[in-house]
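The values are calculated or read from the model by the stated rules, or taken from the named source; none is laboratory data. If you're wondering where the values come from, they're calculated on a predicted model, not measured in any experiment. All Cβ positions, glycine included, derive from the backbone under ideal geometry; neighbour counts span all protein chains shown.
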């Protein structure tokens, strides 16, 4: 097996129901160079490890490493990176699916000089209904590009410079924290429009609301960390309009519009709760 240029790291905890399709997608990449797939098993109690081992029996590019010493996606990411043999790491998740040209697109960006990369996210429901398509990087509020953790990558040098992912961040915001630190350390992040991942959202509205509440809550903590570096405060005057717009969407007959309303309200509620708990206004 040729030495890998890329190490694809997949944090996984009880992902047996979906992991196989992601590994199949990686096995079918059109990239002609060397890469490996490292599944960092974060204490799974289902058949996740066995699925990886079944791939590894016929394809030496696949392997599983134990990341169960501490629960959390960032611990799994850090352990996975510590086992990487490539000099550029790509991250994706066990419950999503990369498209066939994913690694090739990331490779073109790396060759153009990008130290950090982020790809497009096509959001779908479990029944394959397309919810939305998000760009490779987000620059909302602060013009510092940040990808989503389910579709991103970075040179090992950039990872080492910022000290990896913060394992104390358990409710979201970890990608923002990592790529903000990388930016401040001088490593640019490039959007890669051709590197597409199909991201499967939670189907139920309650689960969706809980997830986005955590995102909103954690955004207060991210603001605390980076306000001195220039991360601006959200304008308070926007809250009534945001809440009104969210409520209006939840009353829509269109289920996709209702989902957008639930997300908006949940994130705002999380920011209010975080602002109160942390005594820092960021709503």
### Query
Is it the case that segment 12-34 has a residue that's on the phi > 0 side of the Ramachandran plot and either at pLDDT 95 or above or surrounded by fewer than 24 Cβ atoms within 10 Å (Cβ to Cβ) (or both)?
yes
### Task
Output the number of the condition that residue 197 fails; it satisfies all remaining conditions of (1) farther than 25 Å from residue 42 by Cα; (2) in contact (Cβ under 8 Å) with a residue 24 or more places away in the chain.
(1)
### Query
Does residue 149 fit the bill of being within 13 Å of the chain's Cα centre (by Cα), closer than 18 Å to residue 201 by Cα and outside the structural domain of residue 255 (by TED's automatic domain parsing)?
yes
### Task
Report yes if residue 262 is farther than 22 Å from residue 88 by Cβ and either touching a residue at least 60 places away in the same chain (Cβ under 8 Å) or surrounded by 13 or more Cβ atoms within 10 Å (Cβ to Cβ) (or both), otherwise no.
yes
### Query
For segment 126-144, what are the residues that are within 22 Å of residue 165 (Cα to Cα) and in contact with a helix residue (DSSP H, G or I) (Cβ under 7 Å, 6 or more places away or on another chain)?
144
## Note on the structure
In the set 180, 223, the lone residue that is surrounded by 13 or more Cβ atoms within 10 Å (Cβ to Cβ), touching a helix residue (DSSP H, G or I) at 6+ places or on another chain (Cβ under 7 Å), closer than 30 Å to residue 81 by Cβ and free of Cβ contacts under 8 Å to residues at least 60 places away in the same chain is 180
### Query
Do we have any residue at all in segment 68-86 that's assigned to a strand (DSSP E or B) and in the same structural domain as residue 182 (by TED's automatic domain parsing)?
no
#### Entry: Residues being touching a helix residue (DSSP H, G or I) at 6+ places or on another chain (Cβ under 8 Å) and farther than 14 Å from residue 10 by Cα - total across segment 65-85
1
### Query
Does residue 60 satisfy the criteria of being surrounded by fewer than 16 Cβ atoms within 10 Å (Cβ to Cβ) and without any contact (Cβ under 8 Å) to a residue 12 or more places away in the chain?
no
### Task
Evaluate the following for residue 236: is it within 19 Å of residue 222 (Cα to Cα), modelled with pLDDT under 95 and not assigned by TED's automatic domain parsing to the domain that holds residue 171?
yes
## Note on the structure
Selection from segment 189-214 of residues over 20 Å from residue 264 (Cβ atoms) and either in contact with a strand residue (DSSP E or B) (Cβ under 7 Å, 6 or more places away or on another chain) or not assigned by TED's automatic domain parsing to the domain that holds residue 105 (or both) yields 189, 190, 191, 192, 193, 195, 196, 197, 198, 200
### Query
Can you tell me which residues in segment 154-177 are within 14 Å of the chain's Cα centre (by Cα) and on the phi > 0 side of the Ramachandran plot?
172, 173
